[in-house]
Amino acid sequence: MALIELQKVRKAFGPKVVYESLDLAIERGEAVTVIGGSGMGKSVMLKMLIGLLSVDAGEIRFDGKAIQNAPQKELGAVRRRIGMLFQGAALFDSLDVHGNVAYPLLEHGRPTREEVDARVAECLEDVGLPGIERMRVAELSGGMKKRVGLARAIAMRPEVLLYDEPTTGLDPIAVAHIVDLIVELNDRYDVTTIVVTHDMPAAFRVSDRIAMIDRGHVIFDGTPDEIRQSADPRVRDFIEGNAPETDDIQTLLRYGG
């Protein structure tokens, strides 16, 4: 049984249909990258997985249980098993680095101050940023913000890590650091990983499997070697950097592509 299953999922925003019938399964311990053109709904898929967006039809199952209409208590239990690095890191400007990384620990439990401090220090060490607990968000570079966001994502020791465009907006050195971290954390924490990205070198590096979404459906699902050999022109155009932008994406841009 797959850890995460999307079965015939439909999602629309007004007249714009994002997914007509989305099917995708993620096995426990897999690192799966989801690719596709801008506006194809990749970030929408991640937000549906953690209940930030509802599905219109179909089913999402986590560890065998349907979660698409789960009550908040059950959904909260699922969220505690999932960590997510949002595209813009989504840090709280009003909190320092310590406060940002500690946030899920305090939100989902009652740890002592010593336990929180130790866990925050451990997570920052894991992402290569030891000793920056008292820095403000405004003082961080783009790459540092991503890594602090990742430290927060692993604070609860999740079983699943979701990455929404983790390399977007970073310089090549910061990109390399983030990609290395994804690989290292997969091994260290033995997590199930889903990465949404346009960055094909990153996808090839971190993935056991790559799924491509186009016009509301998965049109390719296979290993990095298999996608390199795909004869599908839509796949070829994308991995060679010639994928056209989808039209009518303004509604989607409000929710993430």
> Quick one: is G169 in contact (Cβ under 8 Å) with a residue 24 or more places away in the chain, surrounded by fewer than 21 Cβ atoms within 10 Å (Cβ to Cβ) and not β-branched (V, I, T)?
Replying inline: yes
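Quick check on segment 24-44. Is at least one of its residues part of a loop (DSSP other than H, G, I, E, B) and β-branched (V, I, T)? Before the answer, list the steps.
So the first thing to find is which residues in segment 24-44 are part of a loop (DSSP other than H, G, I, E, B), and the list is 27-30, 36-41.
Remaining after also requiring β-branched (V, I, T): none.
No: zero hits.
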> Which one of A70, A57 is more than 30 Å from L106 (Cα to Cα), among the small types (G, A, S) and free of Cβ contacts under 8 Å to residues at least 60 places away in the same chain?
Replying inline: A57
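Would you be able to tell me the number of residues in segment 206-224 that are in a strand (DSSP E or B) and β-branched (V, I, T)?
Narrowing segment 206-224 to residues in a strand (DSSP E or B): 209-214, 217-222.
Within this subset, residues satisfying the condition of being β-branched (V, I, T) are 210, 213, 218-219.
Residues that pass the stated criteria total 4.
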> For segment 142-157, how many residues are more than 11 Å from L85 (Cβ to Cβ) and either in contact with a Gly (Cβ under 9 Å, 6 or more places away or on another chain) or modelled with pLDDT of 90 or more (or both)?
Replying inline: 5
> Of all the residues that make up segment 118-139, how many are outside any helix (DSSP H, G or I), surrounded by fewer than 20 Cβ atoms within 10 Å (Cβ to Cβ) and within 23 Å of the chain's Cα centre (by Cα)?
Replying inline: 1
> Across segment 208-217, what is the total count of residues that are within 14 Å of M40 (Cα to Cα) and surrounded by fewer than 18 Cβ atoms within 10 Å (Cβ to Cβ)?
Replying inline: 2
> Does segment 72-91 contain at least one residue that is over 26 Å from E27 (Cβ atoms), of a type in the set (A, V, I, L, M) and assigned to a helix (DSSP H, G or I)?
Replying inline: no
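The values are calculated or read from the model by the stated rules, or taken from the named source; none is laboratory data. Just so it is clear, the structure is predicted and the values come from calculations on it, not from any experiment. Every residue, glycine among them, receives a Cβ derived from its backbone with ideal geometry; neighbour counts consider all protein chains shown.
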